[in-house]
Amino acid sequence: MANYDRERERAVIVGVIFPHQTRAQVEEYLDELELLADTAGADVVCRVYQERDKPDPAFFIGRGKAEQIAKIVEEEKIDLVIFDDDLSGVQIRNLENIINCKIIDRTTLILDIFASHARTAPAKIQVELAQLEYLLPRLTGKWRHLSKQYGGIGTKGPGETQLETDRRLIKRKIAILRRKLGEIDNQRKVQRKGRRDIFRVALVGYTNAGKSTLLNVMANTNVYVEDKLFATLDATTRVIKFSPTKKVLLTDTVGFIRKLPHHLIASFKSTLDEIIEADILIHVVDISAPNFREQIKVVEETLEELNSLDKPTIIAFNKIDKLQDRSIIHTLAKEYENAVFISASRGVNIQALKDKILQLIDDHYVEITGKVNVSNPEAMSIIYKLGEVLDVKYDDDNYITLRVKVEKRHLPKISAYILT
Ligand code: GDP
Ligand code: MG
């Protein structure tokens, strides 16, 4: 398909091997970067590696290496060079003076993919905000000024005209987007309040682990599934019925990926609120990925940043249909307390996962109902902090009756204040 080929860009990807890393590790990083590039619409023609003690302040890599890349770009008709690490504005400018094509870094690439996958208003606003904040100090690259002419990867999103406007305008835009996001956040909070008394389960995991596929089989719906990174950017929520009386809300979330910059996580907070507010997490892991242990670590680090690492969590090892050697299952079952081994796409062991969810709810949560003395400020603050108040009845001036959902581990602290 000639047309298809013409639209795809030709890329060189660059990985630096620092002293604390092995070559194999950086090769895996570049495998992932290649998948990201593919998702964004670029074919990787060539990989460049360099061992360094630390980044060069002017070029990130050595000047000689940059000149070598310039030659490849010339000979292979390359459209863009993608660095696996974040570059500063100065480094981009210097590299662009030597290398005659667009220079972008991993974060810019991820933001670009986010920009083309965002569908709902909040997702679009969040991406635009993240792009403006990340790109603002890097706006000097000459290719972005020419982006009307060159377009393509790294130039999508906030719009060429906005990028060309001065910083003040962009800052004003950032403020407007923040405010809009705040409004949407409030709306969401109100919506979420309406579904308090039902257990909330959030699917988390590395991108492409199979979260959306799992949501589909569990809810019998059709959430967009694609073998691309970040196919879903918006949180999707479905009601899963275990029985006519037992149901939970299951939410799909944006996948995590290594080197997702901190401020990017912050700007996706309203999506990630689904995780923060969930009662239970299902951490979906692609057991067939060679580096799945590193992926688990990335997800756990991100959860830590969201203060959600200590939530009751089921670890769902997915894609067991792709395993050639099944002995790993045995090892992992010993290693992880709440592990289930599933194939979301083939519907294998889904019932076991559902049973596990119910078990975890039973293990970790109780509902208590009782009278509370309203004139005791300490009582009220502890109950509201540690529990979730599902129902309030006003008895008289001094007492109210509360129905509270609470994690069992907090029960001793709370029950002292609730007269049952
Ligand atoms: P997400 O990024 O975590 O939401 O992942 P998706 O649900 O979009 O799935 C990513 C890719 O993995 C898709 O191509 C799915 O068809 C595939 N996939 C999901 N679950 C399984 C599974 O159990 N076995 C296999 N072989 N592929 C799966
Ligand atoms: Mg998905």
### Message
With only alpha-carbon atoms in the gyration tensor, what are the semi-axes of the equivalent ellipsoid for the range 341-420, in Å, largest first?
### Response
36, 12, 9
### Task
Pop out the ³J(HN,Hα) list for the range 38-50 in order, Karplus 6.51 cos²θ - 1.76 cosθ + 1.60 with θ = phi - 60°, rounded to Hz; leave Gly and Pro as x.
4, 4, 7, x, 10, 9, 7, 8, 7, 10, 10, 10, 8
### Summary
Cα-Cα longer than 30 Å, checked against Lys77/Lys171; Lys180/Lys319; Lys54/Lys297, kept in input order, equals Lys77/Lys171; Lys180/Lys319
## Note on the structure
Sorted by chain and number, the residues with a modelled amide H under 5 Å from that of Asn318, at a separation of 5 or more or across chains, are Val285, Asp286, Ile287, Ile342
#### Entry: DSSP beta bridges in the range 295-420 [antiparallel fraction, %, rounded to 5]
85
#### Entry: Added length on full extension, which subtracts the Cα-Cα distance from 0.36 nm per residue, Asp396 to His20
128.8 nm
### Task
Name the residues whose placed amide hydrogens come within less than 5 Å of the amide hydrogen of Val374, ignoring near sequence neighbours (fewer than 5 apart) on the same chain.
Tyr399, Ile400
### Task
Give the long-range amide H neighbours of Asp56: residues separated by 5 or more places, or on another chain, with amide H under 5 Å away, using H modelled in the peptide plane at 1.01 Å from N.
Ile61
### Message
How would the range 293-362 be classified by its alpha-carbon gyration tensor: rounded, prolate or oblate, with rounded meaning a/c under 1.5 and the a/b versus b/c comparison settling the rest?
### Response
oblate
### Query
Taking neighbour Cβ counts within 10 Å as the exposure measure, how do Ser243, Ser308 sort from fewest upward?
Ser243, Ser308
### Whole-percent pair-distance distribution, where bins are 5 Å wide, for the alpha carbons of the range 35-78
5, 18, 22, 19, 21, 13, 1
### Task
Give me the Debye-computed log₁₀ of I(q)/I(0) at q = 0.13 Å⁻¹ for the range 377-420, equal point scatterers on Cα only, no solvent, two decimals.
-0.25
### Task
Calculate one ³J(HN,Hα) per residue across the range 203-212 by plugging θ = phi - 60° into the Karplus curve 6.51 cos²θ - 1.76 cosθ + 1.60, and present them in order as whole Hz with x for glycine and proline.
8, 10, x, 5, 4, 6, 6, x, 5, 5
### Summary
The equivalent-ellipsoid semi-axes of the range 1-121, taken as the square roots of five times the Cα gyration tensor eigenvalues and listed largest first in whole Å, are 23, 17, 15
### Query
Label Ile328 and Asp56 with points 7 Å out from Cα along Cα→Cβ: what is the distance between them in nm?
3.8
### Task
Estimate the FRET efficiency between Asp355 and Leu35 by the formula 1/(1 + (r/R0)^6), using the beta-carbon distance for r and 51 Å for R0, to the nearest 0.05.
0.90
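Here, each number is a calculation from the coordinates, and none is a lab measurement. If you're wondering where the values come from, they're calculated on a predicted model, not measured in any experiment. Cβ coordinates were reconstructed from backbone atoms using ideal geometry, including for glycine residues, and neighbour counts include every protein chain displayed.
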